[in-house]
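Report on the following structure.
The values are calculated or read from the model by the stated rules, or taken from the named source; none is laboratory data. Source: prediction; values computed, not measured. Using ideal geometry, Cβ is built from the backbone for each residue, glycine included, and neighbour counts are taken over all protein chains shown. Protein only, heavy atoms only, side chains kept; ligands, DNA and RNA dropped before computing areas. Shrake-Rupley method; radii C 1.70, N 1.55, O 1.52, S 1.80 Å.
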Amino acid sequence: MSKRFDVTTVGSTMLRLSVQPGERLETAPMYEVRTAGTESNTMVALARMGRQTAWVSRLTDNALGRRVAREIGHHGVDVSRVVWTTEARNEVFFVEAGASPRPTQVIYDRSHSAVASMQTAELDLDFLLDTRILHLSGILPALSEQCLQVTRDLVQAARSAHVPVSFDVNYRAKLWSPQQAARSLEPLMQGADYLFLTREDAGQVFGLQGEPEQLVRSCSDRFGAGLCVVTLGGEGGVAWDGHDLHKCSGYPVEAQDRLGAGDCFAAGVLCGVLEGSVSQGMAFGAAMAALKLGIRGDYFVSDRAEVLRLLDSAPGREVGR
């Protein structure tokens, strides 16, 4: 039976207020306003690669909430099942671009948000599960006990409906401690069909170390993932599917904006999986992350043709056993 969507998700998207490179948050005369959130970043990237995607959340019905939904929908993502409320508020975060030796700084303003009070009963599960993959992240369950329960319910519903689950750890130290994250996330990660984590997440949250090829196997063994992907920043990434090891290298980039690149990598891998090739997905992921680094804002404002041109101009990727 065919599915309406390739990938669906539930998540949090915020207003993003950033200052120009070289400016400080405390003295900047103006802020650039965009929207951003890991789940919506991933859906936008997949939609721009030609996949059918949907994003669901809970937003306050005002000009700011409508802007969030409109900007995500602009890229071809279905936002028709957003839960609207007149209560609470929409989330905001502030970004100060780094300049060595000063790292990029992020300040969150997320307390008492509309999404933090989301309940599973508000969600259209039939809509969300009419998909080839349900994609979730470790950010939503960090927002509140309600959001943690929603994530648990979604994982259980997907498994009951035989819908593959994709899970991106996306650990955020400003939301919870490594111990809290590990305790809450590990049950959600167990048995995921597609699991994504950074090398730093593996070590900081779960205490898993080692060279990339061994690390990805260790993560796969611990969480029982069908496909486990460990991203390595500018070095690319490595994936283990239980039989084959898939590797991709990074690209030299002139970075304009580092936020959202990891979400593009995950989107590329899922795109390849949907098209029947993990190794192609890893190549997509590396190329999409590299292209995103040259684009201001969190969203992947590119397309398949540009990704393929970059792949055609790059040295071959590796797949080994």
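Overview of results
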| quantity | calculated |
| --- | --- |
| Criterion (touching a Leu at 6+ places or on another chain (Cβ under 8 Å) and assigned to a loop (DSSP other than H, G, I, E, B)) met by exactly one of 81, 34 | 81 |
| Any hit, segment 96-113, residues being open to solvent by less than 20 Å² (accessible area, probe 1.4 Å), under 17 Å from residue 147 (Cβ atoms) and touching a residue at least 40 places away in the same chain (Cβ under 8 Å) | yes |
| Output for segment 219-278, where each listed residue is free of Cβ contacts under 8 Å to residues at least 12 places away in the same chain, assigned to a loop (DSSP other than H, G, I, E, B) and open to solvent by 40 Å² or more (accessible area, probe 1.4 Å) | 252, 275, 276 |
| Selection count, segment 36-91, where residues are acidic (Asp, Glu), surrounded by fewer than 24 Cβ atoms within 10 Å (Cβ to Cβ) and in contact with a strand residue (DSSP E or B) (Cβ under 6 Å, 6 or more places away or on another chain) | 3 |
| Unmet criterion (only one of (1) out of contact with any Cys (no Cβ under 9 Å at 6 or more places or on another chain); (2) more than 30 Å from residue 61 (Cβ to Cβ); (3) open to solvent by less than 30 Å² (accessible area, probe 1.4 Å)) for residue 128 | (2) |
| Where residue 183 falls short, out of the listed (1) farther than 25 Å from residue 16 by Cβ; (2) open to solvent by 20 Å² or more (accessible area, probe 1.4 Å); (3) in contact with a Phe, Trp or Tyr (Cβ under 8 Å, 6 or more places away or on another chain) | (3) |
| Filter result (in contact with a Leu (Cβ under 6 Å, 6 or more places away or on another chain) and either open to solvent by 10 Å² or more (accessible area, probe 1.4 Å) or aromatic (Phe, Trp, Tyr) (or both)) within segment 145-180 | 157, 161, 167 |
| Only one of 200, 254 that is at pLDDT below 95 and within 29 Å of residue 36 (Cα to Cα) | 254 |
